[in-house]
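The values are calculated or read from the model by the stated rules, or taken from the named source; none is laboratory data. Being a predicted model, the structure only gives us computed values, none of them experimental. Neighbour counts are summed over all protein chains in view; Cβ atoms, including those assigned to glycine, are modelled from backbone coordinates with ideal geometry. Side chains included, ligands, DNA and RNA excluded: accessible areas come from the protein's heavy atoms. Shrake-Rupley method; radii C 1.70, N 1.55, O 1.52, S 1.80 Å.
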Amino acid sequence: MNTLSEEKVFRDPIHGYVRVQDKIIWDCIQTREFQRLRRVKQLGSTSMVYHTSEHSRFAHSLGVYEIARRMINEVNDISKALTEYEKITVKLAALLHDVGHAPFSHSFESIMQSDHEIYTIQIIKGESEVNTLLKAYRDSLPDDVASVIDGTHPNKILCQMVSSQLDADRMDYLLRDSYFSGTKYGEFDLERILRTMRVADDKLVIKASGMHTIEDYIMARYHMYWQVYYHPVSRSYDTLLQKVFQRLFDLYNEENNIVEKLPMFKALLEKNILSNEEMYLLDDSTCFYAFNLMSQIDDAILSDLAKRILNRNLFKYSTVDKKEEMKRRCLEKGYDLKYYLHQDYQSQNPYKPYSRRAQCIWVLEDDGSIKELSTVSTIVSSLSQNDSYEDEKIFFPKEIL
Ligand code: NI
């Protein structure tokens, strides 16, 4: 009953096949909350730069599950260290880790002022098809899956597999986003990582012979952030998204009848936290239909910003020292600075030796001792010496130049 009579597979360009043997995993994929992920792109704004980055959260979530499944099946130590119930728990956590993701990657999170993890936990623990399914398996399963995702599960190996600095999530998104963007920056040797993964001292560790592969993985992360995720053109698109919603909220607060014209955003405008049902209805297609409607609305700013999003008429960018000049130019051309001048700061650290939340990476030396990665790798040590790598830019309409 717990195992499918025949293995099911999904074709996948990163993993070849995503293999499903457990009935509960198969059933979970069929839930409406998981199927919604087909309608949410993994990288909202990146396709404005790398136009083939059109893959979905659905594909990524299956990929994270597949890596977690392979860790269990191929790393003997993990297979021995986990109970059957823990194996199901961690596979479900991998599959569901992004189930509460809003449209447009992380740019929407600043608009909603809450992150996707809150919604992921709310869907797993609250009223949903996912919750019903998990509870039917065992009453404690929703809480246990949620605790792996938020990193509080008592068995730290499970948390390391799904939410650490070397987890199935990061490994899948680096490979997948790299592949679909048509770049090579995110590539690293997943096979070698799986071969050198062990459990020692109740931790996931990498054998010293696999350390160079881990260095490669950290470098992949560093390059992907600056070449893909934080690309200025993609940040320009994110800026427009933030501004269009800022205008929408401002109109709503002025008691404009905007909700009647954009009923799909009623809950977003009126509430701090959306219900699972309201979240279910919020996907990429909802937003693009709304932008179409906004482009025809009789508010010059809202319709202009919406048209810019639809037609990729993006803001230009410059260094922050040009801010006063761009401000003056915006004002001369009659642009409202609140919506047409934006300062954006991004920072990233490819690896943090000390992090409470995202556990660090451990290396198993030949003598059996366990060392934190940056103490044995000079490459990682020099990459993590800076507090973070940062970049600040200002964004403005090209019409002012
Ligand atoms: Ni993810």
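Looking at segment 15-44, which of its residues are outside any helix (DSSP H, G or I) and under 26 Å from SER285 (Cα atoms)?
Keep residues of segment 15-44 that are outside any helix (DSSP H, G or I), which gives 15-22, 30-31, 40-44.
Answer for segment 15-44, where residues must be outside any helix (DSSP H, G or I) and under 26 Å from SER285 (Cα atoms): GLN30, THR31, VAL40, LYS41, GLN42, LEU43, GLY44.
Check LEU240, LEU269, LEU274, LEU248 and return the single one that is farther than 30 Å from ASP177 by Cβ, touching a helix residue (DSSP H, G or I) at 6+ places or on another chain (Cβ under 9 Å) and surrounded by 15 or more Cβ atoms within 10 Å (Cβ to Cβ).
Numbers: LEU240 fails: farther than 30 Å from ASP177 by Cβ; LEU274 fails: farther than 30 Å from ASP177 by Cβ; LEU248 fails: farther than 30 Å from ASP177 by Cβ.
Matching residue, one of LEU240, LEU269, LEU274, LEU248: LEU269.
Residues of segment 171-187 being buried (at least 21 other Cβ atoms within 10 Å of the Cβ) and free of Cβ contacts under 8 Å to residues at least 60 places away in the same chain, which ones?
Answer for segment 171-187, where residues must be buried (at least 21 other Cβ atoms within 10 Å of the Cβ) and free of Cβ contacts under 8 Å to residues at least 60 places away in the same chain: LEU174, SER178, GLY186.
Only one of these conditions is not met by GLN296: (1) under 28 Å from the mean Cα position of the chain (by Cα); (2) over 17 Å from PHE249 (Cα atoms); (3) surrounded by fewer than 19 Cβ atoms within 10 Å (Cβ to Cβ). Which number is it?
(1)
Of the residues SER47, SER110, which single one is within 23 Å of the chain's Cα centre (by Cα), surrounded by fewer than 16 Cβ atoms within 10 Å (Cβ to Cβ), more than 16 Å from the ligand (Cβ to nearest atom) and in a helix (DSSP H, G or I)? Show your work before the answer.
Working: SER47 fails: surrounded by fewer than 16 Cβ atoms within 10 Å (Cβ to Cβ).
SER110 is the lone residue from the list that is within 23 Å of the chain's Cα centre (by Cα), surrounded by fewer than 16 Cβ atoms within 10 Å (Cβ to Cβ), more than 16 Å from the ligand (Cβ to nearest atom) and in a helix (DSSP H, G or I).
Any idea which of PHE34, PHE58 is modelled with pLDDT of 95 or more, crowded, with 17+ Cβ neighbours inside 10 Å, out of contact with any Lys or Arg (no Cβ under 7 Å at 6 or more places or on another chain) and of a type in the set (Phe, Trp, Tyr)? Give the steps one after another, and end with the answer.
Details: PHE58 fails: out of contact with any Lys or Arg (no Cβ under 7 Å at 6 or more places or on another chain).
The conditions single out PHE34.
Hey, can you tell me all the residues within segment 311-342 that are open to solvent by 70 Å² or more (accessible area, probe 1.4 Å) and either part of a loop (DSSP other than H, G, I, E, B) or not charged (D, E, K, R) (or both)?
Hits for segment 311-342 are ASN311, ARG312, TYR317, THR319, LEU331, LYS333.
Which count do you get for residues in segment 166-220 that are in contact with a His (Cβ under 8 Å, 6 or more places away or on another chain), within 17 Å of TYR351 (Cβ to Cβ) and part of a helix (DSSP H, G or I)?
Result for segment 166-220: 2.
If I filter segment 243-254 for residues that are assigned to a loop (DSSP other than H, G, I, E, B) and of a type in the set (Asp, Glu), do I get at least one hit?
Applying the first criterion (assigned to a loop (DSSP other than H, G, I, E, B)) to segment 243-254 yields 254.
Keeping just the survivors that are of a type in the set (Asp, Glu) gives 254.
Scanning segment 243-254 turns up at least one residue that is assigned to a loop (DSSP other than H, G, I, E, B) and of a type in the set (Asp, Glu).
So TYR225 fits all but one of (1) open to solvent by 30 Å² or more (accessible area, probe 1.4 Å); (2) closer than 21 Å to ILE14 by Cβ; (3) outside any helix (DSSP H, G or I); what number is the exception?
All conditions pass for TYR225, except number (3).
Out of the residues in segment 299-310 that are among the hydrophobic types (A, V, I, L, M, F, W, C) and over 18 Å from GLU260 (Cβ atoms), which is most open to solvent (accessible area, probe 1.4 Å)?
Applying the first criterion (among the hydrophobic types (A, V, I, L, M, F, W, C)) to segment 299-310 yields 300-302, 305-306, 309-310.
Within this subset, residues satisfying the condition of being over 18 Å from GLU260 (Cβ atoms) are 300-301, 305, 309-310.
Numbers: ALA300: 79, ILE301: 34, LEU305: 0, ILE309: 3, LEU310: 61 Å².
Result: ALA300.
If you check ILE297, ILE361, which single one turns out to be within 30 Å of ILE206 (Cα to Cα) and among the β-branched types (Val, Ile, Thr)? First the steps, then the outcome.
On the way: ILE297 fails: within 30 Å of ILE206 (Cα to Cα).
Every option except ILE361 fails the conditions.
Do we have any residue at all in segment 119-130 that's over 21 Å from THR31 (Cα atoms), within 15 Å of the ligand (Cβ to nearest atom) and open to solvent by 10 Å² or more (accessible area, probe 1.4 Å)? It would help to see each step written out before you state the result.
Filtering segment 119-130 down to residues over 21 Å from THR31 (Cα atoms) leaves none.
No, there is no match, as no residue in segment 119-130 is over 21 Å from THR31 (Cα atoms), within 15 Å of the ligand (Cβ to nearest atom) and open to solvent by 10 Å² or more (accessible area, probe 1.4 Å).
Which count do you get for residues in segment 172-219 that are over 25 Å from LEU96 (Cα atoms), in contact with a strand residue (DSSP E or B) (Cβ under 9 Å, 6 or more places away or on another chain) and aliphatic (A, V, I, L, M)? Even if it seems obvious, please write down each step before you answer.
Going through segment 172-219, the residues over 25 Å from LEU96 (Cα atoms) turn out to be 182-185, 192, 195-196, 200-201, 206-216, 219.
Next, only the ones that are in contact with a strand residue (DSSP E or B) (Cβ under 9 Å, 6 or more places away or on another chain) stay: 195-196, 200-201, 206-208, 210-211, 213-214.
Those still in the list that are aliphatic (A, V, I, L, M) too: 200, 206, 208, 211, 214.
The total comes to 5.
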